[in-house]
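Notes follow the structure.
The values are calculated or read from the model by the stated rules, or taken from the named source; none is laboratory data. None of the values given here were measured: they were computed from a predicted structure. Here the Cβ is made from the backbone with ideal geometry for all residues, glycine too, and neighbour counts use every protein chain on show.
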Amino acid sequence: MPVKRESRSVLVTGASSGLGAFLARAFAHAGYAVVLHGRDEARLRALHGEILKKEKADCPMVAGDLGTPAGVRAVQAALGAHGVGVLVNNAAVNPELASGVSATEIEDVRAVLDVNTAAPIALSYAARAHFKAAGGGTIVNVNTVAGLRGSSREVMYAVSKFGLRGFSESVKEDWLKEGIKIIDVFSGALGTGMSAHRADREQLIAPQELAEFLVGLCATKSFFVKELNVRRTAV
């Protein structure tokens, strides 16, 4: 039997891997219509097939690089085309973590800021216009603890996430008056691909557990969580 879908759908950026893939699965399992975004079309198709088989739910796909105007515009168009009621700004890049070298050249700095700060801001404004017409909606910004207190190991990543946090804090109260909830999630390290090199990966935050928890946060009616600070249990 087909799963009963929610009246509103959710769009997850960066759904082709990491936490984004877990979020897509969790939302689909909860009965949401899910719109998948990612840069890797092959991975998106694989996730689409998995969700279709398991949940009997077809997930529209939007392939595009959020570091480019064309990629951002494609996602903006999908918000209205698929009646999205929840936008999850999850996509992010962190080249410093992979290389161990801080981004210092202007091109490298812009590449991080474009995806991690500029794109979610532009998508949030597009979502706002759509949500106002639809009577409300929810934006989830997947941030990081580095967006709260910085990180000497990933300077530009922290800077980009501070920027997203500053944007959210600047508009959150005014947008709430328009029926738009913004939930900021400041998470510690997850046991996903970005942490594959860590010896303590098994003790990090379980992405499936966090994804399922975030789905629940989007379903509250009489209240909402403005921000969430998540740290791992093991110390």
List pairs: first residue in region 35-57 and free of Cβ contacts under 8 Å to residues at least 24 places away in the same chain, second residue surrounded by 20 or more Cβ atoms within 10 Å (Cβ to Cβ) anywhere in the structure, Cβ distance under 6 angstrom, at least six positions apart or on different chains.
HIS48/CYS59
So which residues in region 158-191 are more than 16 Å from VAL145 (Cα to Cα) and outside any helix (DSSP H, G or I), if there are any at all?
LYS177, GLU178, GLY179, ILE180, LYS181, ILE182
Which members of region 30-46 meet the condition of being of a type outside the set (Ser, Thr, Tyr) and either under 17 Å from the mean Cα position of the chain (by Cα) or not in a helix (DSSP H, G or I) (or both)?
ALA30, GLY31, ALA33, VAL34, VAL35, LEU36, HIS37, GLY38, ARG39, ASP40, ARG43, LEU44
Applying the selection to region 154-184, what residues are hydrophobic (A, V, I, L, M, F, W, C) and without any contact (Cβ under 8 Å) to a residue 60 or more places away in the chain?
VAL155, ALA158, VAL159, PHE162, PHE167, VAL171, TRP175, LEU176, ILE180, ILE182, ILE183
Just checking, how many residues over region 210-235 are within 22 Å of GLU169 (Cα to Cα) and touching a Gly at 6+ places or on another chain (Cβ under 8 Å)?
2
Name every residue in region 47-69 that is part of a helix (DSSP H, G or I) and within 19 Å of the chain's Cα centre (by Cα), in order of residue number.
LEU47, HIS48, ILE51, PRO69
Condition first: under 16 Å from TYR157 (Cβ atoms) and among the polar types (S, T, N, Q). Now tell me which residues in region 64-116 satisfy that.
ASN89, ASN90, ASN94, SER99, SER102, THR104, ASN116
Residue pairs meeting the criteria (Cβ under 7 Å; at least 6 apart or on separate chains; first closer than 28 Å to GLY136 by Cβ and modelled with pLDDT of 95 or more, in region 195-221; second in a helix (DSSP H, G or I) and of a type in the set (Lys, Arg))
none
Within region 71-108, residues being crowded, with 18+ Cβ neighbours inside 10 Å, at pLDDT 95 or above, not β-branched (Val, Ile, Thr) and not in a loop (DSSP other than H, G, I, E, B) number 7
